[in-house]
Each structure stands twice: as structure tokens, then as C-alpha cells.
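One structure is given here, and the rest of the page talks about it.
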């Protein structure tokens with residue numbers, strides 16, 4: 001595999017839309033689902049991957065032969081944590097081509113290399129001047145990433161084959177039919193280790209709107225079977241069709 005550089009975030013069928021797996025995918029050939037599985041397999045107590053700790057991201061990157069070195073933060077005089085805009089200005093001379101920085105700003109993992117930027121929210125490689133970059137967010141951690149040769153992890157992170165259940169087909173079909181609603185689900189082991197639950201979501205803006213409207217979908221994310229996943233997604237599609245125009249521009 002080539003040396004370290006920003007790559008497009010890859011989702012596959014087992015998409016994870018959270019920022020930790022997304023930045024790992026943007027640095028490797030792993031999909032976001034495989035990156036989330038790598039984090040879980042290195043942390044046995046993990047049932048799902050939403051928010052991620054620094055040590056979890058570091059451990060996953062190390063498994064791909066990527067080193068993560070913490071960089072000091074320079075205070076802006078008023079706060080111990082500079083804004084992302086301030087950090088970008090401070091680091092202008094350091095952000096030479098080929099150097100890659102992993103940043104935590106606004107409790108969100110994001111990557112910068114030169115004037116290129118990506119994160120799990122934007123999901124594309126864009127300019128640091130892109131209006132979608134939240135430049136006022138306060139930076140709490142910065143790491144420089146290096147690697148002579150990004151490698152595939154020794155841990156098998158391929159997606160297990162789905163059980164022969166027609167509900168899986170219907171779930172895949174509804175996800176494919178409505179890509180604009182960003183429907184996804186993630187398998188989670190139950191607390192006692194017996195059986196499987198599923199965490200079901202739609203796009204971030206639609207989730208936020210459901211919360212604002214106090215719609216029942218804002219509290220209904222867990223399902224106990226793949227058939228329940230299908231029924232939940234069907235309800236999400238009805239909600240999205242009614243309200244998508246309100247969030248399509250976000």
C-alpha cells in the first residue's frame with residue numbers, strides 16, 4: 001500500500017457514519033464498517049462504535065502501521081484551546097504537502113493535510129476553506145500521523161455473511177432505494193452475549209429534525225431482529241419523505 005495520504009471515505013454495505021471509523025477509512029483501504037469492527041475487536045467490551053477515545057483510534061491506526069504523535073497546542077491568549085481557524089493559521093508553515101494531521105475539534109475527529117480536509121460529517125475531501133468546515137470549533141487535541149507503508153491489519157475485519165433471512169434482502173433494498181436518507185444499521189451483541197440487537201439510524205439532519213419535532217423515531221433506534229430493522233426503516237422512509245425538503249440543503 002502507498003504512503004500515508006488522505007483517501008475518500010469508503011462505506012460498503014456495513015456503513016458506520018461516526019467520525020472515528022470515518023477518519024480511519026480515509027487513511028486506509030478499510031471501509032467504515034471494517035474500521036468500526038477493528039475498533040470493536042481491539043476493545044472486547046465494545047458493543048458498537050459511536051464516539052471513540054483517542055487510545056481506540058490510536059490502537060486501530062497502529063494496527064495499520066500508522067503512528068500517531070501528539071502535537072502541542074498554542075494558546076490564543078484567551079483560551080487554552082484555539083479555534084480550528086486559529087490552529088490552521090498557526091500551523092500554516094507546518095502543513096507542508098505530505099504531512100497529515102488528525103484533529104479533535106468540537107468533539108469531532110477530522111483530518112487535514114496541506115489545504116485538504118475531510119471528516120465523517122462532510123465525507124468528501126474538500127478545501128480547508130470549504131463552508132462546511134466548522135472553523136469556530138475549539139481544538140482540544142492534535143496529532144501528526146506518519147507511516148512508511150500503510151498496511152492491512154492482521155485482524156480479520158471482513159463483514160460476516162448475513163444469515164439467510166429474507167428480511168436482510170428487504171433492508172438492503174430499502175437502503176439502496178433511498179440513498180438520500182442515509183439509512184443504516186449496526187449489529188450489537190446483547191448485554192449477556194446471547195443474541196443480537198441492531199442500532200438503526202437515518203441521516204444526521206433527519207435525526208436532528210426528529211428530535212426537534214419530538215417525533216417517536218427520535219427515541220426508537222434499537223431493534224431486536226432484522227425484521228424490526230426493516231419495519232423501523234420503513235417508518236423512517238415515511239418520515240423522511242414528509243420532511244426531507246426541510247433538511248435537503250444542510
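Throughout, read-outs are computed from the coordinates displayed, never taken from laboratory work. The shown structure was predicted, so the numbers you read here are calculated from the model rather than taken from an experiment. We place every Cβ from the backbone using ideal geometry, glycine too, and count neighbours over all the protein chains shown.
Pick from 185, 169, 143 the residue whose mean-square fluctuation is largest in a GNM of the chain, springs joining Cα atoms under 10 Å.
Of 185, 169, 143, the Gaussian network model singles out 169 as fluctuating most.
Compare 155, 66, 125 in a GNM of the chain, Cα atoms joined below 10 Å, and give the one with the largest fluctuation.
155
Between the helical axis of 32-42 and the dominant principal axis of the chain, each derived from Cα atoms, what acute angle in degrees is found, rounded to the nearest 10?
Taking the Cα atoms of the chain, the angle to 32-42 is about 80 degrees.
Using only DSSP helix segments of four residues or longer, with each worth -39500 (n - 2.57), what per-residue ellipticity at 222 nm results for the chain after dividing by its residue count and rounding to 500? Kindly include the intermediate steps, with their values, before the conclusion.
Numbers: 7 runs with 78 residues, N = 250.
That comes out to -9500 deg cm²/dmol.
Quick one: check the C-alpha center-to-center distance for region 108-140 versus region 45-99, whole angstrom.
12
Against the longest principal axis of the chain, how steep is helix 226-247, in degrees 0 to 90 to the nearest 10, with axes from Cα atoms?
Value to nearest ten degrees: 60.
What residues from region 119-149 fall in the zone where the backbone N is under 13 Å from a label point 7 Å along the Cα-to-C-beta line of residue 71?
Zone members listed by number: 139-146.
Rg over Rh of region 71-172, using C-alpha atoms and the Kirkwood radius, what does it come to?
Checking Rg against Rh, the ratio lands at 1.14.
What would the Debye equation give as log₁₀ I(q)/I(0) for region 19-146 at q = 0.12, 0.13, 0.16, 0.23 Å⁻¹, counting only Cα atoms as equal point scatterers?
So the normalised log intensities work out to -0.43, -0.50, -0.76, -1.46.
Sort 71, 64 so the one with the fewest other Cβ atoms within 10 Å of its own Cβ comes first.
If I rank by nearby Cβ atoms, fewest first, I get 71, 64.
Kindly express, to the nearest 10 degrees and within the range 0 to 90, the angle between helix 54-63's C-alpha long axis and the longest C-alpha principal axis of the chain.
The angle comes out at about 90 degrees.
Hey, could you grab the Kirkwood Rh for region 166-247? Inverse mean 1/r over distinct alpha carbon pairs, Å, one decimal.
About 13.0 Å, per the Kirkwood formula over Cα pairs.
So what's the chain giving for Cα Rg divided by 2.2 N^0.38 Å, two decimals?
Values: Rg = 19.1 Å, N = 250, 2.2 N^0.38 = 17.9 Å.
For the chain, the normalised Cα radius of gyration is 1.06.
Among 141, 180, 34, what is the fewest-to-most ranking by other Cβ atoms within 10 Å? Working shown, then result.
Working: 141 14, 180 10, 34 24.
Listing 141, 180, 34 from fewest to most nearby Cβ atoms yields 180, 141, 34.
Based on other C-beta atoms within 10 Å, arrange 245, 54, 184, 25 from fewest to most.
245, 54, 184, 25
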